[in-house]
Amino acid sequence: MNISVCDSDLKICEDILNLIRAEKIDAEISVFRSKDELLKSKKNFEIYFLDIKGIDGLEVAKILRRREFFLNKPPSILIFVTGYEDYMSAAFDVRAFHYLLKPVDAKKFSEVFNSAIAEIKNFQTQAEKFLLLKVEGMNKKIFLKDILYVESDNKKVLIHTAEKIFTTYGKMDAFEIALGENFFRCHRFYLVNLEKISAYNSNTIQLVGGEKIFLAEKRYSDFVKKFLKYAQGGGAVNIS
């Protein structure tokens with residue numbers, strides 16, 4: 001695991017380093033004293049500890065989120081470490097995982113850090129889930145993370161991915177159960193992958209790549225609740 005610590009205050013960097021090491025996990029930790037140093041790094045980090053005031057961590061976070069979106073990378077864990085409570089609401093605008101106030105309490109740090117590790121493991125588990133379907137007479141493994149949406153077409157079911165549309169047979173109710181919590185029945189003909197949503201309004205959902213599908217008006221309220229719960233639970237969000 002790769003972890004980044006970025007703060008203009010060397011003492012804070014050393015404190016965070018010691019707190020991470022106290023958790024005794026196998027990780028490579030990189031320390032940056034400025035946002036320019038961090039953004040020039042070619043390394044992929046699973047967890048970022050960012051100051052807000054000293055290095056303008058909000059600006060860095062927005063750049064990191066844009067990179068993840070355009071490169072189709074899984075979302076990283078952003079944890080802000082700052083002495084300014086006023087920035088808390090803004091931190092969650094960039095889907096920060098948590099917000100720690102300086103000086104950082106060791107017990108609180110441990111709770112947040114271990115929650116972050118659990119979230120990463122959960123995401124990795126989700127990324128490995130797949131459907132095993134009969135497609136064109138052959139058994140085909142389709143990873144859930146690759147599915148944009150599932151469409152009902154009479155007795156056929158169309159599995160839409162960014163690369164291809166797979167045709168199989170089945171009932172949407174069965175697919176709704178099999179696909180699990182990261183998918184939502186937005187219309188009687190559609191099951192959408194919440195991770196692949198880039199925009200929505202009261203009757204339309206736009207997916208990563210620009211394709212649009214219907215959102216039933218009577219399901220809009222439930223959709224918004226489900227999507228917010230998904231996002232607040234650490235799910236990947238591609239809405240910019």
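The values are calculated or read from the model by the stated rules, or taken from the named source; none is laboratory data. These figures come from a predicted structure and were not determined experimentally. Glycine also receives a Cβ, built like all others from the backbone with ideal geometry; neighbour counts cover every protein chain displayed. Keep in mind that these areas ignore ligands, DNA and RNA; they rest on the heavy atoms of the full protein, side chains included. Shrake-Rupley method; radii C 1.70, N 1.55, O 1.52, S 1.80 Å.
The table below lists the values:
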read-out	value
Trypsin sites (Lys or Arg not before Pro) within segment 161-240: DSSP coil, no more than 13 neighbouring Cβ in 10 Å	Lys164, Lys171, Arg188
Pairwise FRET efficiency - Ser115 versus Lys155, Cβ, R0 = 51 Å, nearest 0.05	0.70
Sites Asn2 and Asp56 - FRET efficiency at Förster radius 30 Å, r taken between beta-carbons, to 0.05	0.85
Projected area averaged over orientations for the chain, convex hull of C-alpha atoms, nm²	14.1
Low-density loop positions, trypsin sites (Lys or Arg not before Pro), segment 1-73 - DSSP coil, at most 14 other Cβ in 10 Å	Lys24, Lys42, Lys43
Length gained when the stretch Asp146-Leu10 is fully extended (0.36 nm per residue, less Cα-Cα span)	44.8 nm
Spacing of the two label points (7 Å from each Cα toward its C-beta) at Leu71 and Asp26, in nm	2.4
Crossing angle, helix 10-22 versus the chain [Cα axis fit, 0-90 degrees, rounded to tens]	60
Value of relative contact order over the chain, rounded to a whole percent, pairs C-alpha under 8 Å and six or more apart	11
Area accessible to solvent at Phe214, 1.4 Å probe radius, in Å²	130
Size of segment 95-199 as Cα extents on the principal axes (Å, biggest first)	60, 27, 24
DSSP-assigned coil residues among GluC sites (Glu not before Pro) in segment 94-198, each with at most 11 further Cβ atoms within 10 Å	Glu128, Glu136, Glu163
Nearest-0.05 FRET efficiency for Lys218 and Lys134, computed from C-beta distance (R0 35 Å)	0.60
